[in-house]
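Working notes, beginning with the structure itself.
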Amino acid sequence: MAALEIEGLDVQYGGVHALRGMSLTVGEGEVVALLGNNGAGKTTTLSAASGLVRPTAGTITFRGQDVTRARPEAIVAAGLVHVPEGRRVFSTLTVHENLQVGGYLVRDQAEVRRRIERVYALLPRLAERRAQQGGTLSGGEQQMLAIGRAMVTGPRMLLLDEPSMGLAPLVVASVMELVREVNAEGVSVLLVEQNAKAALKIAHRGYVIENGRCVLAGSAAELAGDSRVVEAYLGGV
Ligand code: ATP
């Protein structure tokens with residue numbers, strides 16, 4: 001059974017046809033990169049999967065369950081968790097409080113405490129800064145906190161929107177390493193990235209989206225070696 005299956009998805013914003021028959025599959029345990037230019041429809045794909053925008057056609061299936069018209073809270077509760085672009089940590093809450101927000105929908109508070117300790121074990125820099133306000137962290141630390149907060153919800157799969165945005169290359173590498181570690185804990189990942197090079201280093205497979213539909217799919221190695229991908233997304237040869 002696939003983790004996520006998107007089939008023939010159409011999304012319109014007023015007159016703008018953002019997705020036109022978008023399809024992709026993420027297998028259980030996979031990291032799948034979704035590459036494409038500005039405005040291609042990457043964010044819209046994630047927003048549809050997390051119930052934030054309503055498709056006009058197509059289906060979204062998460063672990064065998066049709067979630068096409070499910071409410072965002074139900075989708076999070078099913079284990080599909082969106083980490084939006086721009087990090088959006090609560091700047092006046094401490095690191096620890098930000099992580100506790102991830103446990104808001106979880107009944108078992110002892111389990112929330114265990115998950116937060118697990119995040120601190122993965123991210124010792126956050127553990128050192130647990131009493132510091134979110135807004136005072138560096139961009140990379142805020143991105144890691146946003147992913148850590150998503151982990152506290154107990155996800156089976158993460159939808160990550162441009163986690164490398166605005167970060168220095170070394171910091172991008174640490175964020176990608178965190179994504180790899182999260183995946184090693186059994187969490188499937190759909191990774192939207194403009195930074196194709198960084199994404200294809202950790203992805204198993206990838207898709208290229210143009211004008212609201214997938215135009216290319218393959219293993220990460222195939223895509224990294226495809227002349228169209230190299231030219232459009234890897235800065236030429
Ligand atoms: P980016 O990397 O710039 O976010 P993207 O590939 O994620 O690009 P989307 O954000 O999904 O692309 O946008 C797809 C299309 O839908 C674009 O033409 C965009 O202008 C349009 N669009 C996105 N959100 C809205 C909205 N809320 N209202 C109207 N049009 C929108």
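How large is ³J(HN,Hα), in whole Hz, for each residue of the range 3-18 in order, when computed from phi with the Karplus curve 6.51 cos²θ - 1.76 cosθ + 1.60 and θ = phi - 60°, using x for Gly and Pro?
So the Karplus estimates, Gly and Pro as x, are 5, 10, 10, 10, 9, x, 7, 10, 9, 10, 10, x, x, 8, 8, 7 Hz.
Taking a ≥ b ≥ c as the square roots of the eigenvalues of the Cα gyration tensor of the range 38-134, is the shape rounded (a/c under 1.5), prolate (a/b larger than b/c) or oblate?
Prolate, because a/c is 1.5 or more and a/b exceeds b/c.
Fewest to most neighbouring Cβ within 10 Å: what's the order for 207, 120, 104, 233?
Neighbour counts put them in this order, fewest first: 104, 120, 233, 207.
Stick to the Cα atoms of the chain, pair each with every other, and give me the Kirkwood hydrodynamic radius in Å at one decimal.
On the way: mean 1/r = 0.0557 Å⁻¹.
Every distinct Cα pair counted, the radius reaches 18.0 Å.
Using amide H atoms built in the peptide plane, which far-off residues or other-chain residues are under 5 Å from residue 94 H to H?
134
Please identify the helices of the chain, taking whole runs of DSSP H, that span at least 18 Å along their own axis as judged from the Cα atoms and have a mean Kyte-Doolittle score of 0.0 or higher.
139-152, 169-184
Would you mind pulling out the separation of the Cα centroids of the range 182-237 and the range 18-43, in Å?
Using only Cα atoms, the two centres lie 9 Å from each other.
Kindly put 106, 16 in sequence by how many other C-beta atoms sit within 10 Å of each C-beta, fewest to most.
Least to most surrounded, the residues fall as 16, 106.
Counting only residues 5 or more places away or on other chains, whose amide H sits under 5 Å from the amide H of residue 85 once H atoms are built in the peptide plane?
Correct list: 161.
Would you compute, from DSSP H runs of 4+ residues alone, the mean residue ellipticity of the chain at 222 nm, taking -39500 (n - 2.57) per run and dividing by the full residue count, rounded to the nearest 500? Kindly include the intermediate steps, with their values, before the conclusion.
Numbers: 10 runs with 92 residues, N = 237.
For the chain, the value works out to -11000 deg cm²/dmol.
Read the figures in this text as sums done on the coordinates, not as results from a lab. Predicted model only: the values in this text are computed from it and were never measured. Cβ atoms come from the backbone with ideal geometry, glycine included; neighbour counts cover every protein chain shown.
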